[in-house]
Amino acid sequence: MSDNSRTDVLLDPRYDAPLDGPCRSGEREVFERGAGEPAEAARQREEAAKAVCHGCPVRLPCRRRALADRVLHGVRGGLTPDERHLLLAHS
């Protein structure tokens, strides 16, 4: 289990996802929007991804890393791209 205070989250370069987070097991599709995905399906998928992130031991450092690296796609650290954009715009 990882420490929430870590800032050195190691990311898988293929997915910009933590190497030691629960997103590494199971289906990766829940974290990424598919081409032509309807808005309601995207909202449901994002909520499912956020539920996975909610209990993740590296959620906060993953979020910090996604914000610092300005990751433009997928749910990272429990935030959607739009939510990360808003945080960055107001900082």
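The values are calculated or read from the model by the stated rules, or taken from the named source; none is laboratory data. Keep in mind it's a predicted model, so treat the numbers as computed, not measured. Virtual Cβ from ideal backbone geometry, glycine too; neighbours counted across all protein chains shown.
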TODO: Tell me which residues, restricted to the range 76-91, are under 20 Å from ALA42 (Cα atoms) and either among the aliphatic types (A, V, I, L, M) or at pLDDT below 90 (or both).
DONE: LEU79, LEU86
- [ ] Residue by residue through the range 62-83, note down the ones that are touching a helix residue (DSSP H, G or I) at 6+ places or on another chain (Cβ under 7 Å), outside any loop (DSSP other than H, G, I, E, B), surrounded by 21 or more Cβ atoms within 10 Å (Cβ to Cβ) and not small (Gly, Ala, Ser).
- [x] ARG76, LEU79
TODO: For HIS54, work out the one condition from (1) surrounded by 13 or more Cβ atoms within 10 Å (Cβ to Cβ); (2) in contact (Cβ under 8 Å) with a residue 12 or more places away in the chain it doesn't fulfil.
DONE: (1)
TODO: Filter the range 64-75 down to residues that are modelled with pLDDT of 90 or more and touching a strand residue (DSSP E or B) at 6+ places or on another chain (Cβ under 7 Å), then give me how many there are.
DONE: 1
Open item on the list: Taking the criterion of being among the basic types (Lys, Arg), modelled with pLDDT of 90 or more and assigned to a helix (DSSP H, G or I), would at least one residue in the range 14-30 satisfy it?
Closed with: no
Open item on the list: Could you go through the range 42-57 and let me know if any residue there is of a type in the set (Lys, Arg), more than 15 Å from PRO22 (Cα to Cα) and not in a helix (DSSP H, G or I).
Closed with: no
